[in-house]
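Peer 1: I'd like to ask you about the structure that follows.
Derivation of every value follows stated rules applied to the coordinates shown; laboratory data play no part. Note that the structure is predicted; figures quoted are calculated from it, not measured. Note: ideal-geometry Cβ built from the backbone for every residue, glycine included; neighbour counts use all protein chains shown.
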Amino acid sequence: MSTQAPLLAVANLTMRFGGLTAVSALSFQARSGEITAVIGPNGAGKTTVFNCITGFYRPTSGGLTLTRPDGVQLALQSLPGHRIARTAKVARTFQNIRLFAGMTVLENLMVAQHNMMMPTVIGGLLAVFGLGSYRSKQRVAIDRARHWLNEIGLLNRADDPAGALPYGAQRRLEIARAMCTGPVLLCLDEPAAGLNPRESDELSDLLMRIRGDGCSLLLIEHDMGVVMRISDHVVVLDHGKKISDGTPTEVRNDPKVIAAYLGEGDEDEETPAGAEAAA
Amino acid sequence: MAYALQQIINGVTLGMIYGLIAVGYTMVYGIIGMINFAHGDIFMIGAFLSLMGLTVLSALGITSVPLALAITLILACGIAALYGWTVERIAYRPLRGSFRLAPLISAIGMSIVLQNFVQVSQGARDLNLMPLIPGGFKVMEQDGFVVQLSWMQVMISVTTLVMLAIFTWLVTKTSLGRSMRACEQDIKMATLLGIDTDRTISLTFVIGAALATVAGMMFLLYYGSINFYIGFSAGVKAFTAAVLGGIGSLPGAVLGGLAIGLIESLWSGYASVPYKDVAAFSVLAIVLIFMPSGLLGRADIEKV
Amino acid sequence: MSKYPAALGGKSQPPALVRVVRDAGLSAIVAFGLFASMIGLRLFPTGNGMKLHYRWLMLAAVVVAVFAGRVIMLTWRANRPAGTPQPRRIAEAINHAGKYVGAVFLIAAATLPLYGGRYFIDTGILVMTYVMLGWGLTIVVGLAGLLDLGYVAFYAVGAYSYALLSTTYHLGFWTTLPIAGLLAAVWGILLGFPVLRLRGDYLAIVTLAFGEIIRVVLINWTSFTGGPNGITDIPRPTLFGLKFNGSGDPDTFAAFFGIDYSLTQRVVFLYYVIFGLALLTNWVSLRLRRLPLGRAWEALREDEIACRALGINVTVTKLTAFAIGAMFGGFAGAFFATRQAFVSPESFNFGESALVLAIVVLGGLGSQLGVALAAVVMIGGSELFRDFAEYRMLVFGVGLVVMMVLRPRGLVSGRTPSIALGARKEIAAELVAQGRG
């Protein structure tokens, strides 16, 4: 696409749990300004890749290089967990939604802006006595939260507890919360799971808007409709290995992909839906 | 060398007692995920019941020591098991499925109740028991230092091992054990599969209380002196042992008990007696820093 | 309750009376099994062995009491009006009236020395000390969701810091107070750093162990801490340099204001000192709750993994909660030392940690008003039983169990949002997590 370094370069990533190799020698790239989808049958190792990228697992071997827009390169595999979001600007959502259920929608978005509002602990403590630039920062944070609440259509529910929202709204809120950290790469773990067709469409629109605002996306998704519609680039995993990599059209016509989804016959119930969409 | 051996013998004996109590902590924790703070006090009640049993039997004119011990053990275990059952029924069952800290506070309350109940009903003074099983044999002698293994220590070890064997059989081979393990894995699923979880949990408390009573009786026979307060420190030590071994793991509880017993006795023997608890707790902290799930605990893989 | 559905419906079952009697009879049998030994028999140590006394009458009385109690309880349960149970309605009333209750409470507390006698003020000081400890621990347990069973350790650090600094270097109370808090906070960080990565009950046992270690060290390091005898003659605090004693010197409170000295002056002064300290604790924690740091604590309690994914440094955030909680424990400790003029390891046993934790949980995790109410109920309540010293702790324990069974979420259980675009709406307790750390 361009000559500059890819936003995220995964090189020879291997992850073993005891004797089980979940991901083996995986390499792919996610380019800046694109939506990259990672697909594959259940158990292919997609979430494991995600957990390695976002610092929840330490890979057994291999490298994960993130190049920030300002040119700084970071090796994600050696950053402490919280630095992934803070320094590398990689945000994520979870397959099982992890909102702060007992806090309001607005509070969820405020927590996401923690590091911007409170760069140092000392500063955070001094704010108790009204010192520092806390007030203006809080105003900025509220504005940003309001912006994202507007984006996801939850502005009127800002003061309701997150745990009381319907499922689809919780999914969108989780995305908004991740966006409030100001990421350069947003990783979404099955964002369309459990959504009805209308909600899926809205989600696609939201993701396209996010991309349009300059944030790149990496997503794991089972809903092939969503993947094919919005992805610029698709990586297909099976049994921890990459079996295909290319544009949605290329991947859709790749015999290996069709074989992985249809061929072995031991896949679970999600296969037909996926294959249908792929066909 | 000889001195070390003696300390190890003493440490193992003490460790057996801790191990028996620790099993009760770890079992309850494994199944309902709560720290049963009153467990140490059940141990104390077990010791008191044993002393009462022995006193009553001697008043009734039963002079055969083995017979008196056997009858007392059975009676004390039975009554203490009733205590365990009642505590669960009154203080924990109404809070099942409630928030995490409510059962903990309730357990602390129950511990206070049991302690003060015994203090009020039996007084605060130390009660003593004449040694019932005197003597022992010489293991070795070196430089004039005689390593003694008393019959008491032999009996404690043998009884503990027998109890643990019975208990292991109970957990691995019986349907009760199967229910217990099922509840430990997933209590909701176990309920759906038709396991009477209330009954299983009650029985867990009953078994735990019985084992603690065995430990209480051993403590009484070994040290010959008890008061209403022994439950606290023994309980904390046994809970430490359970955590050290990896809470939820039954062999871990016994291993942890032995470890704590050995640390205490070796530290007392070579460093200083007053700081033996500090040594035990410090080892716990250090082990947990490097092995956050304890010695034999299942590693806690973060599910994301 | 599900065991007695018929008590509410009452169809095709034996008559209610029979069931009640049968149930109560079973309870009486269990009671007999429990108490035949512990109450029926009484052991007395003699020269060689044990002597037994029999107390059959007392045993019979207890068993009958259990029977009667059970009958009353079942009858009450069967006839209770349907709908929300009583305690919850009371608590909801408290929730709704929170603002007014808080204000009334504050005024009552501020004016206590005007209408209360010496004993009353003394009790007030005690209660206020626990209110302060409760508010301090609320930061750790209620906001950050970290279970600390060794809070008393920081209380002890504060108390001994003041005791040692004042008796060795003759530093005054107001100079030492911040030092004591700071030292406690440092201890909090030292302890917290290695153990805060532990989850759940592992953290609980390590903090409990730490509390015990501090106590053992205080007892045994005689040259430094005075050992079991403790430290005596700890100076009292002064009011801008004015002392509270009857010496008649010009730098005493009485002489300065030209009034007669009375002991009450000092007691009232001490009361206002702890009142002020408690208010400071309250103010700081309320303020922190609305700042990013406090919000991060609550987020940590809700979901640690999500916090990490949002770039929050979990360890540092936990440490701040631990250190700030410890600091207030240290302040309270310094006050305790100056109030008693004497400290000894006795005062810092696990029971104190448990008591403060019970106040926090009973108050309703994270509720400032709830903690204050709980401290009044528990400390004040157990003061009522002072004349029955023997039974006091027994009643206290029973009270703890009963209160937890009736109100597992504490007295004031909702959560107020820290920030809102519109009006703040109370969040139901059921949605709020209690933390895993």
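Peer 1: If you take every residue apart from residue B:111 with its C-beta less than 14 Å away from the C-beta of residue B:111, what net charge results, scoring Lys and Arg +1 and Asp and Glu -1? Walk me through the intermediate numbers first.
Peer 2: Numbers: positive: none; negative: B:41, B:88.
So the environment of residue B:111 carries a net charge of -2.
Peer 1: Rounded to whole Hz and in sequence order, give me ³J(HN,Hα) for the stretch A:107-120 from the Karplus expression 6.51 cos²θ - 1.76 cosθ + 1.60, θ = phi - 60°, writing x for Gly and Pro.
Peer 2: Computed from phi, the couplings for the stretch A:107-120 are 4, 4, 6, 6, 4, 5, 9, 3, 5, 6, 7, 9, x, 10 Hz.
Peer 1: Taking only DSSP H segments of four or more residues, each worth -39500 (n - 2.57), what value at 222 nm results for chain A once the sum is divided by all its residues, to the nearest 500 deg cm²/dmol?
Peer 2: On the way: 12 runs with 104 residues, N = 279.
The helix contribution divided over chain A gives -10500 deg cm²/dmol.
Peer 1: Specify the longest stretch of chain A that does not include any exposed loop site, a site being one of the GluC sites (Glu not before Pro) with a non-H, G, I, E, B DSSP assignment and at most 13 other Cβ atoms within 10 Å. Before the final figure, lay out each step's value.
Peer 2: Details: sites that count: A:264, A:269.
For GluC sites (Glu not before Pro) (loop position, at most 13 other Cβ atoms within 10 Å), the longest site-free span of chain A is A:1-263.
Peer 1: What are the equivalent ellipsoid semi-axes of the stretch B:120-244, built from the alpha-carbon gyration tensor (square roots of five times its eigenvalues), in whole angstrom, biggest first?
Peer 2: On the way: eigenvalues 267, 83, 33 Å².
Ellipsoid half-lengths, sorted descending, are 37, 20, 13 Å.
Peer 1: Another question, if that's okay. Quick check on the exposure proxy: order B:137, A:50, A:56, C:269 from fewest to most C-beta atoms within 10 angstrom. Mind showing how you got there, number by number?
Peer 2: Values: B:137 10, A:50 24, A:56 20, C:269 17.
Ascending Cβ contact count within 10 Å gives the list B:137, C:269, A:56, A:50.
Peer 1: Across chain C, how large is the tail of the calculated P(r) beyond 29 Å, expressed as a percent of all Cα pairs?
Peer 2: Details: 53456 of 95266 pairs.
Result for the distance tail: 56 percent.
Peer 1: Shape of the stretch A:45-120 from its Cα gyration tensor (a ≥ b ≥ c, root eigenvalues): rounded if a/c is under 1.5, otherwise prolate when a/b > b/c, or oblate?
Peer 2: oblate
Peer 1: Would you mind computing Rg(Cα) / (2.2 N^0.38 Å) for the stretch B:119-171, counting N as its residues?
Peer 2: The value comes to 1.74.
Peer 1: Regarding the protein assembly as shown, what are the three Cα extents along the principal axes, ordered largest first, in Å?
Peer 2: Result, largest extent first: 96, 82, 80 Å.
Peer 1: Apply the a/c threshold of 1.5 to the C-alpha gyration tensor of the stretch A:28-168 and tell me whether it is rounded, prolate or oblate.
Peer 2: On the way: a/c = 2.08, a/b = 1.36, b/c = 1.54.
Oblate shape, in that a/c is at least 1.5 and b/c is the bigger or equal ratio.
Peer 1: Related question: For every other residue with a beta carbon closer than 9 angstrom to the beta carbon of residue C:314, add +1 if it is Lys or Arg and -1 if Asp or Glu, then tell me the sum. Don't skip to the answer; put the middle values down first.
Peer 2: Working: positive: C:197, C:308, C:318; negative: C:304.
My count for the surroundings of residue C:314 gives +2.
Peer 1: Mind listing the long-range amide H neighbours of residue C:150? Cut-off is under 5 Å, sequence gap 5 or more, other chains count too, H placed in the peptide plane at 1.01 Å from N.
Peer 2: Close amide H contacts, sequence-distant or interchain: C:208.
Peer 1: Which whole-Hz ³J(HN,Hα) couplings does the stretch B:220-236 yield from phi under the Karplus relation 6.51 cos²θ - 1.76 cosθ + 1.60, θ = phi - 60°, glycine and proline marked x?
Peer 2: Each residue of the stretch B:220-236 in turn: 4, 5, 6, 8, x, 8, 9, 8, 5, 9, 5, x, 5, 5, 5, x, 4 Hz.
Peer 1: Within a 10 angstrom radius of the beta carbon, how do B:39, A:82, A:222 rank from fewest other beta carbons to most? Don't skip to the end; give the middle numbers.
Peer 2: Details: B:39 34, A:82 22, A:222 19.
Least to most surrounded, the residues fall as A:222, A:82, B:39.
Peer 1: Is it possible to state the helix-based mean residue ellipticity at 222 nm for chain B, with each DSSP H run of 4+ residues giving -39500 (n - 2.57), the sum divided by total residues, to the nearest 500 deg cm²/dmol? What is it?
Peer 2: So the helix-based figure for chain B works out to -24500 deg cm²/dmol.
Peer 1: Can you list residues whose amide H is under 5 Å from residue A:245's amide H, if they're 5+ apart or on another chain and H is modeled 1.01 Å from N?
Peer 2: Hits under the 5 Å cutoff: A:236.
Peer 1: Something else: Beyond 20 Å between alpha-carbons counts as too far, so tell me which of A:46/A:256; B:276/C:318; B:237/B:276; A:46/A:241 fall in that bin. Walk me through the intermediate numbers first.
Peer 2: Working: A:46/A:256 17 Å; B:276/C:318 30 Å; B:237/B:276 11 Å; A:46/A:241 10 Å.
Beyond 20 Å: B:276/C:318.
Peer 1: Let me ask something else. Where a ≥ b ≥ c are the square roots of the eigenvalues of the C-alpha gyration tensor, would you call the stretch C:314-437 rounded, which needs a/c under 1.5, or, failing that, prolate if a/b is larger than b/c, or oblate? Mind dumping the intermediate values first?
Peer 2: Details: a/c = 2.21, a/b = 1.34, b/c = 1.65.
In terms of gyration-tensor shape, oblate.
Peer 1: Further, regarding this structure: Would you calculate the volume per residue, in Å³, of the smallest convex hull containing every Cα atom of the stretch C:247-374? Before the final figure, lay out the partial values.
Peer 2: Values: hull volume 19.6 nm³, N = 128.
Measuring per residue, one finds 153 Å³ for the Cα hull of the stretch C:247-374.
Peer 1: Restricting to DSSP H runs of at least four residues, report the calculated mean residue ellipticity at 222 nm for chain C, -39500 (n - 2.57) per run over all residues, nearest 500 deg cm²/dmol. Walk me through the numbers on the way to the answer.
Peer 2: Working: 19 runs with 279 residues, N = 437.
Per the formula, -21000 deg cm²/dmol.
Peer 1: Putting +1 on Lys and Arg Cβ atoms and -1 on Asp and Glu Cβ atoms, find which of C:208, C:160, C:63 reaches farthest to the positive end of the dipole of chain C.
Peer 2: Projecting each Cα onto the dipole axis, the largest value belongs to C:63.
Peer 1: Mind giving me the FRET efficiency for residue B:188 and residue C:175? R0 is 41 Å, r the Cβ-Cβ distance, nearest 0.05 is fine.
Peer 2: Values: r = 57 Å, r/R0 = 1.40.
The computed FRET efficiency comes out at 0.10.
Peer 1: For the stretch B:1-134, what does the relative contact order come out to in percent, with C-alpha contacts under 8 Å and a separation of six or more? Present the calculation step by step, with values, prior to reporting the outcome.
Peer 2: Working: 73 pairs, mean separation 38.1, N = 134.
Relative contact order, the stretch B:1-134: 28 percent.
Peer 1: Collect residues whose amide H, placed 1.01 Å from N in the peptide plane, falls under 5 Å from the amide H of residue A:219; neighbours closer than 5 in sequence don't count.
Peer 2: It is A:36, A:37, A:38, A:188, by chain and number.
Peer 1: With 31 Å as the cut-off, how large is the P(r) tail for chain B, expressed as percent of Cα-Cα pairs? Walk me through the intermediate numbers first.
Peer 2: Values: 13387 of 46056 pairs.
Roughly 29 percent, once rounded to a whole number.
Peer 1: If you take the alpha carbon radius of gyration of the stretch A:90-185 and divide it by 2.2 N^0.38 Å, what ratio comes out, to two decimals?
Peer 2: Working: Rg = 13.7 Å, N = 96, 2.2 N^0.38 = 12.5 Å.
Here the Cα radius of gyration is 1.10 times the empirical estimate.
Peer 1: Moving to a separate point now. Kindly provide the trypsin sites (Lys or Arg not before Pro) of the stretch B:48-129 that DSSP labels as loop, not H, G, I, E or B, and whose Cβ sees at most 12 other Cβ atoms within 10 Å. Let's see the in-between values first.
Peer 2: On the way: sites: B:89, B:96, B:100, B:125; in loops: B:96, B:100, B:125.
Those that pass, being in a loop and sparsely packed, are B:125.
Peer 1: Per the Kirkwood treatment, what hydrodynamic radius in Å, one decimal, follows for chain A from the mean inverse distance over all distinct Cα pairs?
Peer 2: Details: mean 1/r = 0.0509 Å⁻¹.
So the Kirkwood estimate lands at 19.6 Å.
Peer 1: Tell me, what ³J(HN,Hα) does each residue in the stretch C:400-410 have, in order and in whole Hz, if you take phi through Karplus 6.51 cos²θ - 1.76 cosθ + 1.60 with θ = phi - 60° and put x for Gly and Pro?
Peer 2: For the stretch C:400-410, the Karplus curve yields 4, 5, 4, 5, 5, 5, 6, 10, x, 8, x Hz.
Peer 1: Mind sorting C:249, C:303 by how few other Cβ atoms lie within 10 Å of their own Cβ, fewest first? List each step's numbers first, then the result.
Peer 2: Values: C:249 12, C:303 23.
Fewest to most other Cβ atoms nearby, the residues stand as C:249, C:303.
Peer 1: Tell me the Kirkwood hydrodynamic radius of the stretch B:75-151 in angstroms, computed as one over the mean inverse distance between distinct C-alpha pairs.
Peer 2: Working: mean 1/r = 0.0598 Å⁻¹.
In the stretch B:75-151 this quantity evaluates to 16.7 Å.
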